[in-house]
Amino acid sequence: MITTSKITMRFGKTALFEDVSVKFIPGNRYGLIGANGSGKSTFMKILTGQLDQTEGVVSVGNNCSLGYLRQDHSAFDEHSIIDTVYSGNSKLWKLHCEREYLYSKDELTDEENDRCSHIEEEFGDAGGYTMESEAATLLVGLGFTEDLFEQSMTVLQGGFKLRVLLAQVLFGRPDILLLDEPTNHLDMESIEWLVELLKRYDGTVLTISHDRFFLNQVCTHIADLDYHEIRMFPGNYDDFTIASLEARSLQEKANKKVEKQAHDLKAFISRFSSNASKAKQATSRKKTLDKLEITKFKPSSRVSPFIRFNPRTRLGDKVIEAKSISKSYDEELFSNFSCTIGPEERVAIIGKNGIGKSTLLNILCNQMQSDDGTLKLGETVQIGMFPQDASALLNPASNALDWLGRFAESGTSEVELRSFMGRMLFRGEDVMKKVGVLSGGEKARLILSKMTMEGGNVLALDEPTNHLDLESIEALNFGLSLFKNTMIFVSHDHRFIATLATRILEITKEGIIDYPGTLDDYEAMKRSRKGK
């Protein structure tokens, strides 16, 4: 168990949260949610002892081990992938290293011989004889093949390093498991694997995530960080959404009832306070009025951008026609693929990481050349593009206002541009920030601002939810649901795909599967085929 008592965290005069007293109980899985910048990662670092709180106390149960998903991706570059996972169990890792050292020596001292006679029992009791298979199960579940296990961590890119660090913390089997954005860089298959693993986890789980599917599948409770406090809700993310809306609605109704009562009391007092026969009643009502309290709503840290995509020009009947397209780098990604994408289709491109999803999207949008075959875009097509890597598009030295102004219609004033950016949550002097210092979420909202200004009649989005908070994801999801023209997107966000896609392109090693239906229908079809 892990508890906090009146935890407060201030940076200067600004309080992230105040007097937070919560209890995380074994067997429960908590989703820690809140707007970007509300203090979620800071709170988790306080729980792990990486940061000292301004006030209050953190208590961890006796003999409880605590595991934390590391954010320092380069900390184990000197280790192999499998050894990095082993090191998640510090006791077993120490015994493993000692055992390897002893057995590597040609000659042993008497003391070392004596140690050899005891270390095997300790090693076995600590789980040494099953460590290889357990670590392998974790790595395979996270998308690694066995030929990579002995490779150095330096051969991996950031996303795959994070997977190894996730396997590392899971291998340690801590009593309390703290995960900060564990689904980042995971494909849908790995996310579903992690969901099933966490459902079976015996200890306490606390996870920060912006993935609504993950929160719904994993969480038994939601810890909501808002109004500078943490409120606990039983159930998953959808349950929290309903409960929080109902709680606010009930409070608003109660406030209206109090306001009406206050109005009636004031009217009586005003009318009869000078009337001698009614003076006593007026005084009594004045005392009642003084006791009435209207609950003031604190300002929420949650804010949602206003995202709407309005095409400037009409889209014709012909949109995209690909014939026998292929692409290879060191190895073939896909070959001889043909498809026709018409108006009003919403196409989701899915598949494992590194299998070629972004490549296919870029080829279909004429942003990249196919090795073979032909691609035709309709004459009316104007594509609005959200790239996965925006570095080539963004100018880090420009301020956000000037950069976005390049894409505005001629004659747009600075006041109009600032007003537009305000709806996308760039308020006040935020518009003057250099693009290079913007957060990932701010950069994503800036690209979305560009897309809405350009008014493309076909939208292409490559992992648009990666850096957005839950409120921005919901706003983007809703804005795209209102867009009636063709949309093609790459995503690992299950709910995002399930609520938008009308057609699925899954890239597999055997080829591209083109399914004319929703994600739920596609997954049901795959399950039925497996059952045969």
Inter-probe distance in nm under a simple model that places probes 7 Å from Cα toward Cβ, at LYS509 and PHE306: 5.0
Sites LEU197 and THR130 - FRET efficiency at Förster radius 22 Å, r taken between beta-carbons, to 0.05: 0.85
Distance in nm between pseudo-label sites at ASP389 and HIS118 (7 Å out along the Cβ direction from Cα): 5.4
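Mind ranking 366-373, 206-213 by how tightly packed they are, going by the mean number of other C-beta atoms within 10 angstrom, highest first?
206-213, 366-373
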Solvent-accessible area, 1.4 Å probe, carbon plus sulfur percent, for the stretch 375-443: 49
Virtual paramagnetic centre 7 Å along Cα→Cβ of ASP77, amide N under 15 Å, in the stretch 133-164: 152-159, 161-162
The stretch 134-174 versus the stretch 485-527: alpha-carbon centroid distance in Å: 27
Normalised contact order of the chain, rounded percent, pairs of Cα under 8 Å and 6 or more residues apart: 15
Share antiparallel - DSSP beta bridges, the chain, percent rounded to 5: 55
Alpha carbon centroid spacing (whole Å) that separates the stretch 338-377 from the stretch 431-478: 21
Peptides ranked, highest mean first, by Cβ atoms within 10 Å: ranges 149-157, 253-261, 381-389, 90-98: 381-389, 90-98, 149-157, 253-261
Extended-chain gain in nm, criterion 0.36 nm per residue less alpha-carbon gap, MET368 and GLU523: 52.8 nm
Reported label for calculated P(r) over Cα pairs in 20 Å bins from 0, in percent given (1) 20, 42, 22, 14, 3, 0; (2) 19, 51, 26, 4, 0; (3) 17, 45, 28, 8, 2, 0: (3)
Linear extension gain, GLU107 paired with ALA262, 0.36 nm per residue minus alpha-carbon span: 46.7 nm
Gain on full stretching of the segment that runs from THR154 to LYS318 - 0.36 nm per residue minus C-alpha separation: 54.4 nm
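How many percent of the accessible area of the stretch 447-504 is carbon or sulfur, using a 1.4 Å probe?
54
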Helix-only mean residue ellipticity at 222 nm for the chain, each DSSP H run of n ≥ 4 adding -39500 (n - 2.57), per residue, nearest 500: -12500 deg cm²/dmol
Accessible area in square angstrom per residue, the chain, 1.4 angstrom probe: 51
Share of carbon and sulfur in the accessible heavy-atom surface of the stretch 1-111 [1.4 Å probe, %]: 44
Inter-site label distance for ALA15 and ASN62 at 7 Å from Cα along Cβ, in nm: 3.4
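The values are calculated or read from the model by the stated rules, or taken from the named source; none is laboratory data. Since the model is a prediction, treat every value here as computed from it, not as a measurement. All Cβ positions, even for glycine, are placed from backbone atoms using ideal geometry, and neighbour counts span all protein chains on display. To get the accessible areas, we keep the full protein, side chains included, count just its heavy atoms, and leave off ligands, DNA and RNA. Shrake-Rupley method; radii C 1.70, N 1.55, O 1.52, S 1.80 Å.
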